[in-house]
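The values are calculated or read from the model by the stated rules, or taken from the named source; none is laboratory data. Computed from a prediction, not measured in an experiment: that's the story for all the values here. Note: ideal-geometry Cβ built from the backbone for every residue, glycine included; neighbour counts use all protein chains shown.
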Amino acid sequence: MNRRIRDTILNPLINENPITLQVLGICSALAITNSLYSALIMSLALILVLAFSNVTISLIRHHLPDSVRIIVQITVIASGVIVVDEWIKTFLPETARTLSVFVGLIVTNCIVLGRAEAFAAHNKVGYSFLDGVGNGLGYSLVLVFVAIIRELLGTGSLLNVKIFPTTTEGGWFDPNALMLLPPSAFFIIGFLIWGIRSWKTEQVEPAEFKQLLISDEDFD
Amino acid sequence: MDNDNPIKAILVVMLTALVCSLLVTVTAVKWQPIQQAYQNLDRNRALVKISGLTHESAQLTDSEVIALYQKIEARVVNLATGETDANYNPNTFDGWQAENNPELNEEIPSEFDLAKLKRRSRLINVYLIFDPENGRLKRMILPIYGQGMWSKIFGFIALENDLNTVAGITFYQQSETAGIGDKILNPIWQNSWRGRKLFVKDETLVLGGDKSSSQSKLNGLHQIDAISGATVTVDAIKDMVEYWFGPHGYVNFLRVIRKEIKP
């Protein structure tokens with residue numbers, strides 16, 4: 001496969017993951033990852049919106065005057081989000097109730113506008129589509145990772161399949177209630193970022209300030 | 001046209017707005033009937049919940065809701081006369097939507113409009129549950145709705161066969177303040193309605209009765225518990241119930257039904 005195509009899809013998975021490297025799109029990662037099923041639906045929704053928005057913006061990129069560029073991009077993104085949200089409300093009404101406002105909030109997800117500005121506005125349609133899918137997959141990887149940990153440790157089951165028998169059912173597993181609350185996602189993502197940057201040290205950002213060692217003698 | 005040309009900016013914006021609105025509108029219109037069907041199913045889920053045909057906290061599948069709904073007799077009732085209107089199929093007629101139909105709706109005189117609805121349909125859906133063995137009325141479920149704190153609150157109230165004692169209450173659509181107003185969904189609060197009586201001597205609604213009245217001994221039965229911090233919401237529920245069981249609500253229907261079920 002063409003090296004550029006491969007890089008466009010694979011880079012956002014770990015090397016340039018939108019959540020762990022660029023630290024974008026954290027809000028929905030915290031809110032809906034207490035259930036693996038919600039995380040999967042949300043991931044699918046984001047991939048669809050990203051692909052649609054990247055392709056559309058790439059198609060019209062030569063005709064976007066600077067004065068209205070952002071507004072037009074947001075309008076396109078919002079329309080994509082509305083269509084996806086309506087689809088979920090129509091064909092998956094139970095899930096729609098669980099996901100409630102978070103599908104609609106994809107409009108505010110920095111990943112979507114971020115990729116539109118950083119990539120789709122300057123690249124051809126084909127690569128923009130791949131970049132959209134790649135970043136969507138990178139986001140999905142993190143969401144699924146967090147959701148598996150949270151749902152497994154918070155309820156003992158995954159996708160309604162019991163894996164650890166809980167003490168309330170006579171088993172040995174005592175579910176961790178913190179895992180069902182958003183702050184747990186914060187911690188898990190933090191540890192994930194720490195882990196990835198220990199493995200791929202090139203992702204570590206240089207310090208913004210130089211630390212000066214000051215000793216007491218300097219004040220005599 | 002050059003991108004710096006301001007006319008191009010206007011054209012691009014207008015074209016984007018046109019295409020996007022078309023896309024969104026076509027989607028919404030095409031899928032609206034399916035969403036409406038599911039909303040109706042959800043409404044019937046609430047209906048079945050307080051019908052006494054199943055445990056109130058049971059989580060029912062869609063087909064279970066449909067199966068239990070078929071054990072309930074639905075009727076379309078003209079609120080002014082209290083009689084059943086046979087021209088409409090009670091299982092498909094939507095008395096809540098009819099309020100938008102100029103032929104079917106009417107204005108509520110302001111002195112009666114406690115629920116702040118301004119208009120309501122002349123016809124409404126009512127639900128009766130008869131004992132399959134002896135044909136006696138077991139329970140009656142009536143829709144109640146009115147203006148809440150932020151938007152309309154929709155629910156059902158179930159009455160025992162004396163048409164006075166509350167058997168249950170539930171709300172299936174509301175946008176009250178999260179954590180405060182939406183405590184009206186709390187099963188403990190809803191359970192506190194059971195056994196309360198709406199009327200004293202058949203037709204006088206005494207809900208939330210005046211402490212100084214001579215009926216004060218009965219007031220416990222005619223009062224509902226408030227929810228602290230949710231004054232507007234609970235007042236809205238009280239107003240709603242007083243409207244629907246007042247002179248502009250179900251009063252005529254109740255008179256007709258009482259005659260029907262007397263042996």
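Answer yes or no: is there a residue in the range A:161-171 that is out of contact with any helix residue (DSSP H, G or I) (no Cβ under 6 Å at 6 or more places or on another chain) and of a type in the set (Asp, Glu). Yes - at least one qualifying residue is present in the range A:161-171.
Scanning the range B:221-263 for residues that are acidic (Asp, Glu) and in contact (Cβ under 8 Å) with a residue 40 or more places away in the chain gives B:Asp239, B:Glu242.
Matching residues to (1) over 30 Å from B:Tyr172 (Cα atoms); (2) within 10 Å of chain B (Cβ to nearest Cβ); (3) among the hydroxyl-bearing types (Ser, Thr, Tyr):
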position: A:Arg3; (1), (2), (3): yes, no, no
position: A:Ile26; (1), (2), (3): yes, no, no
position: A:Ile41; (1), (2), (3): no, no, no
position: A:Ala51; (1), (2), (3): yes, no, no
position: A:Ile60; (1), (2), (3): yes, yes, no
position: A:His63; (1), (2), (3): yes, yes, no
position: A:Val83; (1), (2), (3): no, yes, no
position: A:Glu94; (1), (2), (3): no, yes, no
position: A:Ser100; (1), (2), (3): no, no, yes
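Restricting A:Asn2, A:Asn15 to those that are closer than 28 Å to A:Val125 by Cα, surrounded by fewer than 16 Cβ atoms within 10 Å (Cβ to Cβ) and free of Cβ contacts under 8 Å to residues at least 40 places away in the same chain reduces the list to A:Asn2.
If you go through the range B:23-41 and keep only what is within 8 Å of chain A (Cβ to nearest Cβ) and under 26 Å from B:Phe93 (Cα atoms), you end up with B:Thr27, B:Ala28, B:Trp31, B:Ile34, B:Gln35, B:Tyr38. Those residues that are surrounded by 12 or more Cβ atoms within 10 Å (Cβ to Cβ) and either facing chain A (nearest Cβ under 8 Å) or under 38 Å from the mean Cα position of the chain (by Cα) (or both), I need them from the range B:1-17; list them, please. If the condition is that a residue be surrounded by 12 or more Cβ atoms within 10 Å (Cβ to Cβ) and either facing chain A (nearest Cβ under 8 Å) or under 38 Å from the mean Cα position of the chain (by Cα) (or both), then B:Asn3, B:Lys8, B:Ala9, B:Val12, B:Val13, B:Thr16, B:Ala17 are the ones that fit. Suppose we keep only residues that are assigned to a helix (DSSP H, G or I), of a type in the set (A, V, I, L, M, F, W, C) and touching a Lys or Arg at 6+ places or on another chain (Cβ under 9 Å) within the range A:168-220. Which one would you say is surrounded by the most Cβ atoms within 10 Å (Cβ to Cβ)? So the residue we want is A:Ala185. Within the range B:24-52, the set of residues being surrounded by 17 or more Cβ atoms within 10 Å (Cβ to Cβ) and over 28 Å from A:Asp85 (Cβ atoms) comprises B:Val48, B:Ile50, B:Ser51. Under 7 Å by Cβ, and 6 or more places apart or on different chains, what pairs join a residue from the range B:151-172 that is closer than 18 Å to B:Asp42 by Cβ with one that is of a type in the set (Lys, Arg)? Filtered contacts from the range B:151-172: B:Ala158/B:Arg139; B:Gly168/B:Arg194; B:Thr170/B:Lys49; B:Tyr172/B:Arg43. Here are some conditions: (1) in a loop (DSSP other than H, G, I, E, B); (2) of a type outside the set (A, V, I, L, M, F, W, C); (3) surrounded by fewer than 21 Cβ atoms within 10 Å (Cβ to Cβ). A:Thr33 meets all but one. Which one does it not meet? All conditions pass for A:Thr33, except number (3). Could you please find all residues in the range B:157-204 being among the aliphatic types (A, V, I, L, M), assigned to a strand (DSSP E or B) and at pLDDT below 90? Across the range B:157-204, the qualifying residue is only B:Val200.
In the set (1) free of Cβ contacts under 8 Å to residues at least 40 places away in the same chain; (2) in contact with an Asp or Glu (Cβ under 9 Å, 6 or more places away or on another chain), the condition left unmet by A:Leu159 is number (1). When A:Glu94 is tested against the conditions (1) in contact with a Cys (Cβ under 8 Å, 6 or more places away or on another chain); (2) at pLDDT below 90, the lone failure is (1).
What number goes with the only condition from (1) at the interface with another protein chain (Cβ under 9 Å from one of its Cβ atoms); (2) exposed (fewer than 14 other Cβ atoms within 10 Å of the Cβ); (3) not in a loop (DSSP other than H, G, I, E, B) that B:Cys20 does not pass? Tallying (1) at the interface with another protein chain (Cβ under 9 Å from one of its Cβ atoms); (2) exposed (fewer than 14 other Cβ atoms within 10 Å of the Cβ); (3) not in a loop (DSSP other than H, G, I, E, B), B:Cys20 fails exactly one: (2). Residues that are closer than 20 Å to B:Gly168 by Cα number at least 2 in the following strands (runs of 3 or more DSSP E) confined to the range B:104-156: B:123-130, B:137-147. If I filter the range A:108-116 for residues that are touching a Pro at 6+ places or on another chain (Cβ under 6 Å), in a helix (DSSP H, G or I) and hydrophobic (A, V, I, L, M, F, W, C), do I get at least one hit? Scanning the range A:108-116, I find at least one residue that is touching a Pro at 6+ places or on another chain (Cβ under 6 Å), in a helix (DSSP H, G or I) and hydrophobic (A, V, I, L, M, F, W, C), so the answer is yes. A:Gly156 fulfils the conditions (1) buried (at least 18 other Cβ atoms within 10 Å of the Cβ); (2) on the phi < 0 side of the Ramachandran plot except for a single criterion, (2).
If I filter the range B:211-218 for residues that are at pLDDT below 90, crowded, with 18+ Cβ neighbours inside 10 Å and not basic (Lys, Arg), do I get at least one hit? The answer is no, given that none of the residues of the range B:211-218 is at pLDDT below 90, crowded, with 18+ Cβ neighbours inside 10 Å and not basic (Lys, Arg). Considering the conditions (1) within 18 Å of B:Phe253 (Cβ to Cβ); (2) in a helix (DSSP H, G or I), B:Gly95 is excluded by exactly one of them, (2). Right, A:Arg69: basic (Lys, Arg), assigned to a helix (DSSP H, G or I), more than 20 Å from the chain's Cα centre (by Cα) and more than 27 Å from A:Ile189 (Cα to Cα) or not? Considered against the rule, which asks whether it is basic (Lys, Arg), assigned to a helix (DSSP H, G or I), more than 20 Å from the chain's Cα centre (by Cα) and more than 27 Å from A:Ile189 (Cα to Cα), A:Arg69 comes out as yes. Number of residues in the range A:65-78 that are facing another protein chain (nearest Cβ under 9 Å) and either among the hydrophobic types (A, V, I, L, M, F, W, C) or buried (at least 23 other Cβ atoms within 10 Å of the Cβ) (or both) equals 5. For the range B:1-48, the tally of residues that are out of contact with any Leu (no Cβ under 8 Å at 6 or more places or on another chain), in contact (Cβ under 8 Å) with a residue 60 or more places away in the chain and among the basic types (Lys, Arg) stands at 1.
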